Amino acid sequence: MEVISARGLGKSHGRIRACENVTFDLHESEIMGIVGESGSGKTTLLKLLAGMTTPDAGEVIYGGKDGEKLSMFDIPQSARRKLLRTELGFVFQNPEEGLRMKISAGGNIAERLLEGGERSYRAVRENAEKWLEKVELPLDRLDSKPEEYSGGMKARLQIAKNLATEPRVVFLDEPTAGLDVSVQAKILDLLRVLSSEFGLSVLLVTHDLMVAKLLSHRIMVMKDGRVIESGLTDRVLDDPGEPYTQLLVSSILGDA
Amino acid sequence: MEPILAIKAANVSKTFVLHNLGTRLPAVEDVSFSLPFGKCLAIDGPSGSGKSTLVRCLYGNCLPTAGSVSVFGENGFVDLVAAGPREIMELRKNTISHVSQFLRVIPRISALDIVAHPLIEKGLGKNEARRRAGTMLHELNIPERLFDLPPLTFSGGERQRVNIARGLIKESPVLLLDEPTASLDAPNKRIAVDLFLAAKKRGSAIVGIFHDRDVRDGVADWSLELPSKAFGPAKRNSSPPAVTL
């Protein structure tokens, strides 16, 4: 079942075409990687797909839980916002954009759970603890404010917050950048388990081809706002057809 | 009765085009064979003759430049050259397993979970999947104290056995083996051979690259020799490949 479908999606920032004619389907339980150099339009595409930026052309269709198809930009903005707080999650590259820095870590997670309809204080607290544990944040930091966290801890808190409402799709913008390698592995495993066992669909923007290779089923390679090559992750990375993809792959340090 | 074919490869060629270096590397040239279920074909040939590339073409990891590769999946033959990514994912989930020389996994996942994962992906419950993974690891002589550890900490031979366990656990109808026993000692090699034979007996078709003579002779029914590329362009096989059905 498709959860996100993009049809001819396009967006310009002034004279720059950040995203041009992107069409694809993301299915339930599927992990899709979006790779390419900075400035290639990855983040713009991610924000379009999540309904956070309005496209100039094309549409995004969200396949809801009960099979209904919602054209993301035909529904009212309030409905889009509600989706983003419940069934969709968006993890920003800069965690400070996705967190409230002045309220506690627990409060950040609780806020999302309450917006998602949870009413029991105890359930909220337990859920917050559960997700903190899953991203390997120490429980005794539940009451600290994110501004007192290190960069890597903020990144993990933002991920925990987004996963707490058990969304159907999460959009991740460079989620492992700035994380210690050991934590990075844990987060990748968490996403993999949520996808294979709980049906979570993931759109993952990364410049790290190793991360894309280990986690995603399919990938899209972006250059100058266009998807220049896409397909099974291992086929695209092991047998790239486009000169630009070949350059990307051959620039990996070590063996992917 | 006609044997049921698992794989049909017709005139498969693969040339890698390296755009940034301005070169073309022919890797596989005009290979044809067919293989029924329950049989094993060994791919022979000197280093650099395209053995791995050919096997990768059978897994959908590599897109042939010419020819076709069809694998018999749950709903009949699927042409890997024409198939979309989701069809190939489906085929990999239910029909084809690939065992390479190396175990490439997300770090920090335990050996047991790595081996159980293909079953969970197929929809089996977590506990049952882990139970079967344990049995499989036992069969491959992995001591139980290692089950909960990530294989990155294991010896080369242990890692390779985890890799074999992961590849065989699903009992896939089509098995692709790329030097799966290269770092195993003699007793473990024998165990691996027995597992491959058991897979054949269950009806799996196997295509394998085996540098080890004993393993190859113990498992393969036929062989296909790829010509060396060391001296100029490869010669076409003057006779059809060694496979006769």
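The values are calculated or read from the model by the stated rules, or taken from the named source; none is laboratory data. If you're wondering where the values come from, they're calculated on a predicted model, not measured in any experiment. Ideal geometry is used to build each Cβ from the backbone, glycine not excepted, and the neighbour counts take in all protein chains shown. Each accessible area value is taken on the protein alone, full model and side chains, heavy atoms only, with ligands, DNA and RNA left out. Shrake-Rupley method; radii C 1.70, N 1.55, O 1.52, S 1.80 Å.
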- Query: So how many residues does region B:108-158 have that are more than 14 Å from chain A (Cβ to nearest Cβ) and touching a strand residue (DSSP E or B) at 6+ places or on another chain (Cβ under 8 Å)?
  - Reply: 0
- Query: If you go through region A:122-145 one residue at a time, how many are among the hydrophobic types (A, V, I, L, M, F, W, C) and open to solvent by 60 Å² or more (accessible area, probe 1.4 Å)?
  - Reply: 1
- Task: Kindly establish whether B:SER100 is more than 10 Å from chain A (Cβ to nearest Cβ), under 21 Å from B:LYS200 (Cβ atoms) and open to solvent by 20 Å² or more (accessible area, probe 1.4 Å).
- Result: yes
- Query: Name the residues in region B:79-97 that are within 12 Å of chain A (Cβ to nearest Cβ) and crowded, with 21+ Cβ neighbours inside 10 Å, would you?
  - Reply: B:LEU80, B:ILE88, B:LEU91, B:ARG92
- Selection from region A:145-188 of residues within 14 Å of chain B (Cβ to nearest Cβ) and of a type in the set (Lys, Arg) yields A:LYS186
- Scan region A:214-232 residue by residue and report those that are farther than 19 Å from A:VAL170 by Cβ and within 11 Å of chain B (Cβ to nearest Cβ). A:SER230, A:GLY231, A:LEU232
- Query: Does region A:28-44 contain any residue that is among the β-branched types (Val, Ile, Thr), open to solvent by 10 Å² or more (accessible area, probe 1.4 Å) and over 22 Å from A:PHE92 (Cα atoms)?
  - Reply: no
- Query: of a type in the set (Lys, Arg), under 22 Å from A:LYS161 (Cβ atoms) and either under 14 Å from the mean Cα position of the chain (by Cα) or open to solvent by 80 Å² or more (accessible area, probe 1.4 Å) (or both) - does that describe any residue in region A:54-69?
  - Reply: yes
- Task: Mind telling me which of the residues B:ASP30, B:ASP44 ends up being open to solvent by less than 30 Å² (accessible area, probe 1.4 Å) and charged (D, E, K, R)?
- Result: B:ASP44
- Number of positions in region B:203-219 that are open to solvent by 20 Å² or more (accessible area, probe 1.4 Å), in a helix (DSSP H, G or I) and more than 19 Å from B:SER34 (Cα to Cα): 4
